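Engineer: I have a structure I would like to understand better, so I am pasting it below and will then ask my questions one at a time.
The values are calculated or read from the model by the stated rules, or taken from the named source; none is laboratory data. The model shown is predicted, which means the values in this text are computed figures rather than measured ones. All Cβ positions, even for glycine, are placed from backbone atoms using ideal geometry, and neighbour counts span all protein chains on display.
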Amino acid sequence: MATISVTPAAYAGIYLPTEAASYLRATFRQSQRPPTSRRIHSWITSGLLARHLADIRGRERVIDFADLISCQAIASFRAAGIRLQDIRKAEQYFRELYGIDKPFARRAFWHSSRDIFAKLGEVLVAGTRGGQLALGILDDWVVPLRVDIAFAGEDDLAAANEWKPDSQISLRPNVQFGQPCLAGTRIPTWSLWSYVTAGDSVEYVAEAYHLKVEDVEQAVEWEDGLRAAV
């Protein structure tokens, strides 16, 4: 079995499972089965996610950015109709194949309505089927996962380093502890939201932060969505 390698860049950002759930529920449509914090805890307890936290009391669990991206992948696979046991099978297969921890946060993936695929050289293999090669015209039936995730590095050094759940919202593990910010800035969306909800006009906040009015409106809409999700 391959030795598991760890890349420090993949393990930044600090989130409670409740925060991770709110980000996912604000991003996914209800029809896509967005996970609750209880569901995320069950993924941890079963060893599918953040296995090192399985024996820690639920209220004391804190996940990192790689775990958050893994949650997003698991939720996306579930929304596509893939069974949880098959997701677990694929996670284990690709973890051992690549010799890396948290593969869903370290590699590009594709999926159909039943299987999860990743690249092995120039071909796609199905982790849900023990490495069976994908056949046929791939573009017709295999969907790329997470077009809103950016990766830094290549091969075993690759790691997700940005998630844009919205065109103007960005989560980066090395910026504001991985909290949602306006894309391209270090300004947390909750900061803008707090001024507006306290009574300041959107125009005033935009001028104070040297932003466009639309940027502040987007931040407020995102934060409102997080609270509605909770």
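Engineer: So if I check each of Leu24, Leu53, which one is free of Cβ contacts under 8 Å to residues at least 12 places away in the same chain, in contact with a helix residue (DSSP H, G or I) (Cβ under 8 Å, 6 or more places away or on another chain) and surrounded by 15 or more Cβ atoms within 10 Å (Cβ to Cβ)? Give the steps one after another, and end with the answer.
Structural biologist: Numbers: Leu24 fails: free of Cβ contacts under 8 Å to residues at least 12 places away in the same chain.
Within the list Leu24, Leu53, the selection yields Leu53.
Engineer: Right, something else. Count, please, the residues in region 66-85 that happen to be assigned to a helix (DSSP H, G or I) and either surrounded by fewer than 17 Cβ atoms within 10 Å (Cβ to Cβ) or more than 13 Å from the chain's Cα centre (by Cα) (or both).
Structural biologist: Within region 66-85, residues that are assigned to a helix (DSSP H, G or I) and either surrounded by fewer than 17 Cβ atoms within 10 Å (Cβ to Cβ) or more than 13 Å from the chain's Cα centre (by Cα) (or both) number 4.
Engineer: Could you check region 56-65 and list, in sequence order, the residues that are assigned to a loop (DSSP other than H, G, I, E, B) and either crowded, with 17+ Cβ neighbours inside 10 Å or of a type in the set (A, V, I, L, M) (or both)?
Structural biologist: Ile56, Arg61, Val62, Asp64
Engineer: Any residue at all in region 203-216 that is basic (Lys, Arg) and either surrounded by 16 or more Cβ atoms within 10 Å (Cβ to Cβ) or more than 20 Å from Gly13 (Cβ to Cβ) (or both)? So that I can check it myself, show each step before the final result.
Structural biologist: Going residue by residue through region 203-216, those that are basic (Lys, Arg) are 212.
From what is left, the residues that are either surrounded by 16 or more Cβ atoms within 10 Å (Cβ to Cβ) or more than 20 Å from Gly13 (Cβ to Cβ) (or both) are 212.
Yes, region 203-216 contains at least one residue that is basic (Lys, Arg) and either surrounded by 16 or more Cβ atoms within 10 Å (Cβ to Cβ) or more than 20 Å from Gly13 (Cβ to Cβ) (or both).
Engineer: While we're on this one: Can you tell me which residue among Arg88, Arg106, Arg172 is among the basic types (Lys, Arg), modelled with pLDDT of 85 or more and over 15 Å from the mean Cα position of the chain (by Cα)? So that I can check it myself, show each step before the final result.
Structural biologist: Values: Arg106 fails: over 15 Å from the mean Cα position of the chain (by Cα); Arg172 fails: over 15 Å from the mean Cα position of the chain (by Cα).
The match here is Arg88.
Engineer: Let me ask something additional. Residue check: is Leu48 under 25 Å from Glu162 (Cβ atoms), buried (at least 23 other Cβ atoms within 10 Å of the Cβ) and aliphatic (A, V, I, L, M)?
Structural biologist: Working: under 25 Å from Glu162 (Cβ atoms): yes; buried (at least 23 other Cβ atoms within 10 Å of the Cβ): no; aliphatic (A, V, I, L, M): yes.
So Leu48 fails the test.
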